[in-house]
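Below is one structure, written out as structure tokens, with a few remarks after it.
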Amino acid sequence: MDQHHNVGQHDSSNLVTIFLQHRVAPNMLMFILILAGIWGLYKLRTQFFPTFETGYVVVSVVWTGASSEDVEEGITVPLEQELRSVASLYEITSSSADGLSTVFLQFEEGTDMATALDDVKDAVDTVTTLPESSELPRVQRAIMYDLISKLMITGDVDLQELRYYATDIENELLNRGIAKIDIVGMPDQEISIEIPNSKLKELNMTLGQVSARIAEQSKDVPVGKIGGDELNKQIRSLDQKRTMDEFGRIPLLADPSGKFVLLDNVANIMRKDKRNQVTTFYKGNPAITMSLLRSEKSDSLEGAKILQKWLPEYKKKLPQGVDIILYQKRWELIEDRISILVENGIQGIILIIAILFLFLSGRVAFWVMMGVPISFLAALAILYFAGGTVNMISLFGLIMSLGIIVDDAIVVGEDAQTHYDRGESSFGAANGGALRMLAPVFASSLTTISAFMPLMMVGGIMGKILFDIPMVVICVILASLVECFLILPGHLKHSFDNQHHKEPTKTRVYLDSKFENFRNDIFKPLVIKAIEYRWTTIVCVVSLFAVVMSYWNLGYHSFSFFPSPEGKWLFADVSFVAGTPKEDVEEFADHVQKALYKTDKKFGGGLVTSSVLSIGRTSPGNDGVFSIGDNNFWLEVEMVESDQRDVNNAEFLRQWRTYVNKAPGIEIYKLYAPKMGPPGKDLDAKITGQPLNILKKAAEKVATHMRSYPGVTGISDNLPYGNEQIIFNINAQGQILGLTSQEIGRQLRGAFDGYLVQTFQDGTEKIEVRVSLPEKETDRLSTLSEFAVILTTGNTVPLAAVVDLKSDRGYDKILHGGGKRAVNVTADVDKAAEDTTSGEIIADMKRDFIPALEKEYGVDISFEGKAREQNEALADMMIALMLALIIIYIILAWVFGSYGWPLVVMCAIPFGLIGAISGHIIMGVDITLLSLFGMFGLTGIVVNDSIILVVFYKELRQKGVEVSKAIAEAACRRLRAVILTSLTTIGGLIFLVFETSLQAQFLIPMAISMAFGLAFATVLVLLVIPAMLSVQESSSAILSKLAEILRAELKQGVKAWLPD
């Protein structure tokens, strides 16, 4: 009996044999894994992208009425000085806008965010120089909420009626389980008490005194308790006013006749929308939009079910003319993309099954195939306990694992089948196949894990999003190892028992004979020639590798960091110069909408499904913050699915732009399609290091230069000019009267911005009560010069007598990066329109333009956004690659017990790169970040076939077979297993490679890398690795002979020196 047969009769001291000998253990373990997987699948949350820690803390402070410059100096700078020393801080940025300071703190990966939040709060508490009139700082973590859908309530009715329904809808959906709802288009309201200057003079009171009087008369006062244990009652005053009539009845003072002067007698009291509020319209009618969001712990599809069940019920309550419309239904996108991946996965499984039955006997092929669902379910259980979710990325990881998952089972099953066909017993063949393949399969799995695991180190947003791919693959490999060695051998033994060494079917004989003919008549002579002409073989492959890499490096094939699939949303983002009348903004917004529908009609109509106009705001920036002001508007356009129309977004936008006649006074004008992937724009030039006026000039030059590149659209900077400012300085007369800037500023703030008397809750709304001059007075410049300044003596003096006034132009928003003033010039790149990538444009700008501009203005310019994300991700991947190669070498050295053989096996890695890059060239697809992820996985997979080949060669050499014959025989023996494992892996991915849906395009590059890379590497592994083994063995023999000669010479030399 040969050595392999003896392996099958191994003693029962190992776990593999114990499970094989036990009648029910393999099946019981299989049922446990299946049940655990079903439980995991039931509990796993469904969402679009994986959940991950954002690592951000946001500090915001409201200072009503303050300019952006005042906010920067009075709030932002003091906060930044304290916060920049917080532990584990990675980056600090800030925004100073009119009335609002926002500081963003990004922490290093792995930071405990609860501790970070406490540290930030402690640092903020130490800032004692914030303006007295500013609100208390608000410190909160940036929590990621995922959109389920947007809901809009609209109709030809008054906005106040829509407010009632919006509030009711919010309460109902929150009670039913929607995690969070953001409402836009329902302006915050206030009770405004406007008193003219003339009335104040008649009363001989100031606005401040009136405010104090109202505050005294409108409050609930808890007093205490009265009575003993048996009669215990609370005493309280309920004088909080909540309606206009109640405030109107507040007495201010008594007139000479003793009659009270009520507030209603001298003031105009009304409940109205606060200034600078967002109003929303749909088809010309008022609308209120609601973003329905899920939390990190909730399920997007469950949220969609809640919404779909609630909607028809609630619509019955609505009056005629009021309607609820759903748009941006993100759950449909999730379902569509999951459906695409599942469909490709099912097709891949069918192809894998066909391949298995083509090469293996029916029963063996069946149990090898059963490893797929068993391992998948086990992997889902592991994924659940590891905190994973079902999302686009994890599903792709499962599809990518389809072929990998059966590789182990194929190797064990094929080896067991071969030995059973040679006459071994069922137990001996099954047990021997598992034990013989234990070391090489375990090593192969470790090399694949080693290739994927370092990818979990990639940082940044993209690293967090793609983290699920290596995690899922590793879970699947671990599950497949358990299935392969503890479950499969028992099923193989049972299959062999039922065969009773009976004659195979005619089909099986025919297929096996054809394979034997191919192996003996075609492959074996070919591999012998490759070994005979080994240097020619190696030089040809190295030359091919050099040609392919040169083709890429010389720029003949593009690299695109993260291509965005064609979406169904278009945006119009417009900002006029501050101070532009709201009517002009609304008129241009109407013109843009008409141009939109004219474009839709141009392409046949029916492409635009909805358009929602928001007056008074911009689109959210990279930080999620949008600017508020009547000079802005944002138009959200939803199109039909990109797969269902012939016109792409770029073509539609180009036509839309031709129909828009830009109005004068526009500062920002962008018609664009938002892109998926990492946050940030394609082009984002950050300029720092000089005063704002210099930064603005440099930004304008960068914007002008960007316009010279074809395909660059949506160019803008984030340093827009603000309202015209009136700056006052106390003159000599004012100084003599003892006036200060702070005192005059306080009085002016109270008059023009109003005195906030109190805030009370009205249902779900927070209502402010504010006392001020009438708008018709505050909107007149003459009111400012006529304003009566109150002196410490109680007398008054005209403002114009004590201050000098001058006008200036400020900025709407001031940004800081790392504590320095900064401006970002951003733009989108339409690669579909012009064959240009953002990377090529950035490289060109850095060549001459950027250095010259830095020298001209003395500024520092860096590229942020996707460019920065790309640089950080690629740097992390280089480290991960080095780590992966080192780990793979260590594993191979351990398996082979050699320092040289691992290097031979690892030479298969570049072979895979030849195929991966060639695949992108053949398919006409750019190499992307996901392509690189696929190449990483390829490094582990292509090594696996080489491992088994070298293990068999090693066994043959131990039997004394000559080197060339042993290499050729090892290649022939492992031909079936190598082809099978490669075909099943390629089969699992091939349908995704040729997927035509635009929604799957961003995943295809990774599938191309693995499918083409493995296909090419398989051919080369079977021919080039034998040639390299031959070279390595010859080199080792030569080195051994040289070492013997050196030792002999050294020994002879030593003897010559020694005395007789």
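Read-outs throughout are calculated quantities, based only on the coordinates presented, and are distinct from any laboratory measurement. Not measured: the values here are computed from a predicted model. Please note: Cβ atoms are built from the backbone with ideal geometry, for glycine as well, and neighbour counts cover all protein chains shown.
For Lys297, the aspartates and glutamates whose Cα falls under 13 Å of its own Cα, not counting residues fewer than eight places away in the same chain, are Glu53, Asp146. The length gained by stretching the chain between Glu765 and Arg84 to full extension, at 0.36 nm per residue less their Cα-Cα distance, is 241.6 nm.
For Phe626, the residues whose amide H sits under 5 Å from its own are Gly621, ignoring neighbours fewer than 5 places away on the same chain, with H placed 1.01 Å from N. For the chain, the longest principal axis of the Cα atoms and the long axis of helix 1004-1057 meet at an angle of about 60 degrees.
For the pair Lys180 and Glu743, label points projected 7 Å from Cα toward Cβ lie 4.6 nm apart. Within the straight-line cut-off of under 18 Å between alpha carbons, the aspartates and glutamates reachable from Lys493 are Asp11, Asp408, Glu414, Asp415, Asp421, Glu424, Glu483, Glu503, sequence neighbours fewer than 8 places apart in one chain being disregarded. Here the Karplus curve 6.51 cos²θ - 1.76 cosθ + 1.60, taken at θ = phi - 60°, turns the phi angles of the stretch 695-712 into couplings of 4, 5, 5, 5, 4, 5, 5, 5, 4, 4, 5, 4, 5, 7, 8, x, x, 8 Hz, with x standing for Gly and Pro. Straight-line cross-link partners of Lys317 among the lysines, defined as a Cα under 29 Å from its Cα and at least 8 positions apart when in the same chain: Lys150, Lys180, Lys272, Lys283, Lys305, Lys309, Lys329, Lys766.
Per-residue packing, averaged as other Cβ atoms within 10 Å, sorts the ranges 740-748, 425-433 into the order 425-433, 740-748, beginning with the highest. For the pair the stretch 639-692 / the stretch 123-139, the C-alpha centres are spaced 38 Å from each other. Per-peptide packing, taken as the mean over residues of other Cβ atoms within 10 Å, places 775-787, 719-731, 387-399, 336-348 in the sequence 387-399, 336-348, 719-731, 775-787 from highest down. Of the two radii for the chain, the radius of gyration is 1.08 times the Kirkwood radius, both from the alpha carbons; that is the Rg over Rh value.
Per-residue Cβ neighbour counts within 10 Å put Thr507, Thr1018, Thr447, Thr793 in the sequence Thr793, Thr507, Thr1018, Thr447, beginning with the fewest. Here the Karplus relation 6.51 cos²θ - 1.76 cosθ + 1.60, evaluated at θ = phi - 60°, turns the backbone of the stretch 884-892 into coupling constants of 4, 5, 5, 5, 4, 4, 4, 4, 5 Hz, with x for every Gly and Pro. Please give the FRET efficiency for Gln725 paired with Thr64, using the beta carbon to beta carbon distance and R0 = 25 Å, rounded to the nearest 0.05. Taking R0 as 25 Å, the efficiency between Gln725 and Thr64 is 0.95. The stretch between Lys855 and Arg141, if pulled fully straight at 0.36 nm per residue, gains 253.1 nm over its current Cα-Cα span. All other residues whose Cβ lies under 13 angstrom from that of Leu263 are scored, Lys and Arg at +1 and Asp and Glu at -1, for a net of -1. Applying a DSSP loop filter and a limit of 12 other Cβ atoms within 10 Å to the trypsin sites (Lys or Arg not before Pro) in the stretch 959-1003 leaves Lys959. What FRET efficiency would be calculated for the residue pair Lys662, Arg242, taking the C-beta separation as r and a Förster radius of 51 Å, to the nearest 0.05? My answer for the efficiency is 0.60. Placing a label point 7 Å from the Cα of Ile790 along the Cα-to-Cβ direction, the residues of the stretch 199-221 whose backbone N falls under 20 Å of that point are 199-218.
To the nearest ten degrees, helix 908-923 and the longest principal axis of the Cα atoms of the chain are 60 degrees apart. Shown here for the stretch 592-659: GluC sites (Glu not before Pro) in loop regions (DSSP other than H, G, I, E, B) with at most 10 other Cβ atoms within 10 Å, of which there are none. Taken one residue at a time, the phi angles of the stretch 201-213 give Karplus couplings (6.51, -1.76, 1.60, θ = phi - 60°) of 5, 5, 7, 6, 10, 9, 4, x, 5, 4, 4, 4, 5 Hz. Gly and Pro are set to x. In this calculation the C-beta distance from Ala386 to Asp497 is compared with R0 = 35 Å, giving a FRET efficiency of 0.35.
Under the simplified labelling scheme, the Ala215-Val77 pair shows an inter-label distance of 3.0 nm, with each label point 7 Å from Cα along Cα→Cβ. Taking 0.36 nm per residue of separation and subtracting the Cα-Cα distance, full extension of the segment from Asn197 to Cys540 would add 114.1 nm. Note on Asp168 and Lys1051: their simple-model spin labels are 10.3 nm apart, each label 7 Å out from Cα toward Cβ.
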